[in-house]
Amino acid sequence: MSGSAKRSITVSLDGSNKSSILPLVDGTIGPAVADIRKLYGDLGIFTYDPGYGATASCESKITYIDGDEGVLLYRGYPIEQLAEKSNFLEICYLLLNGDLPNAKQREEFELARGLCCCRPLERLRGVGQRHLGAANRGPRIVQHSPVQ
């Protein structure tokens, strides 16, 4: 729901002279939506939409869901495309940076990941022995020991 509301709809309550002007807001994808926040204050009524079939529950710049059409987008990318064509590190990059990496960004990200995240197995074994005092501790205990 981007941009400012320039259009509106007017809702009137039959049997009274009460009405409410509700702004229309353009959706990023899909139809415009009526902002009903003033409805209760102006007319003293709520809306009823069983199953939220015609209700946008929030404004999101990250996801888009259309259950009737089977559409689920994350930052504009179809989820099935991400699952089928992107690897783990590309998804990590997407989560951290908001877009999939190009070839150069992917290479830099993979290099940075290797420098900061990978620890030689011998060093991890040493951490477990140093902090727990026994070479025969299980892998879960070593995993929970601090890494310096």
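Keeping to segment 16-44, report how many residues are in contact with a helix residue (DSSP H, G or I) (Cβ under 6 Å, 6 or more places away or on another chain) and touching a residue at least 24 places away in the same chain (Cβ under 8 Å).
First pass over segment 16-44, keeping only residues in contact with a helix residue (DSSP H, G or I) (Cβ under 6 Å, 6 or more places away or on another chain): 18, 20.
Checking which are touching a residue at least 24 places away in the same chain (Cβ under 8 Å) leaves us with 18.
Of the residues in that region, 1 qualify.
Which of (1) acidic (Asp, Glu); (2) modelled with pLDDT of 90 or more; (3) surrounded by 12 or more Cβ atoms within 10 Å (Cβ to Cβ) is the odd one out, the single condition Asp14 does not satisfy?
For Asp14, the exception is condition (3).
For segment 48-74, how many residues meet the condition of being exposed (fewer than 10 other Cβ atoms within 10 Å of the Cβ) and either among the small types (Gly, Ala, Ser) or at pLDDT 90 or above (or both)?
Residues that pass the stated criteria total 4.
So, in segment 19-42, exactly how many residues are of a type in the set (Ser, Thr, Tyr) and within 30 Å of Gly98 (Cα to Cα)?
Filtering segment 19-42 for residues of a type in the set (Ser, Thr, Tyr) gives 19-20, 28, 40.
When the remaining residues are screened for being within 30 Å of Gly98 (Cα to Cα), the result is 28.
Here the count works out to 1.
Condition check: more than 30 Å from Asn97 (Cα to Cα), among the β-branched types (Val, Ile, Thr), surrounded by 14 or more Cβ atoms within 10 Å (Cβ to Cβ) and in the same structural domain as Arg7 (by TED's automatic domain parsing). Does Ile45 satisfy that?
Working: more than 30 Å from Asn97 (Cα to Cα): yes; among the β-branched types (Val, Ile, Thr): yes; surrounded by 14 or more Cβ atoms within 10 Å (Cβ to Cβ): no; in the same structural domain as Arg7 (by TED's automatic domain parsing): yes.
Here the answer is no, as Ile45 does not meet what is asked.
Quick check on my filter: what residues within segment 1-45 are in a loop (DSSP other than H, G, I, E, B) and touching a Leu at 6+ places or on another chain (Cβ under 7 Å)?
Our first condition is that a residue be in a loop (DSSP other than H, G, I, E, B); within segment 1-45, this holds for 1, 13-18, 27-32, 35-38, 44-45.
The answer is Leu13, Lys18, Ala32, Asp35, Ile36, Lys38, Ile45.
Residues of segment 94-113 being of a type outside the set (Phe, Trp, Tyr) and either outside the structural domain of Gly76 (by TED's automatic domain parsing) or more than 16 Å from Tyr77 (Cβ to Cβ) (or both), which ones? Full working, then the answer.
Initial filter on segment 94-113 (of a type outside the set (Phe, Trp, Tyr)): 94-108, 110-113.
Those that are of a type outside the set (Phe, Trp, Tyr) and either outside the structural domain of Gly76 (by TED's automatic domain parsing) or more than 16 Å from Tyr77 (Cβ to Cβ) (or both): Ala103, Lys104, Glu107, Glu108, Glu110, Leu111, Ala112, Arg113.
Sort out which residues of segment 96-109 are of a type outside the set (S, T, N, Q), surrounded by 11 or more Cβ atoms within 10 Å (Cβ to Cβ) and part of a helix (DSSP H, G or I), and write them in order of number.
Arg106, Glu107, Glu108, Phe109
The values are calculated or read from the model by the stated rules, or taken from the named source; none is laboratory data. Predicted model only: the values in this text are computed from it and were never measured. Note that we place each Cβ from the backbone using ideal geometry, even for glycine, and neighbour counts take in every protein chain shown.
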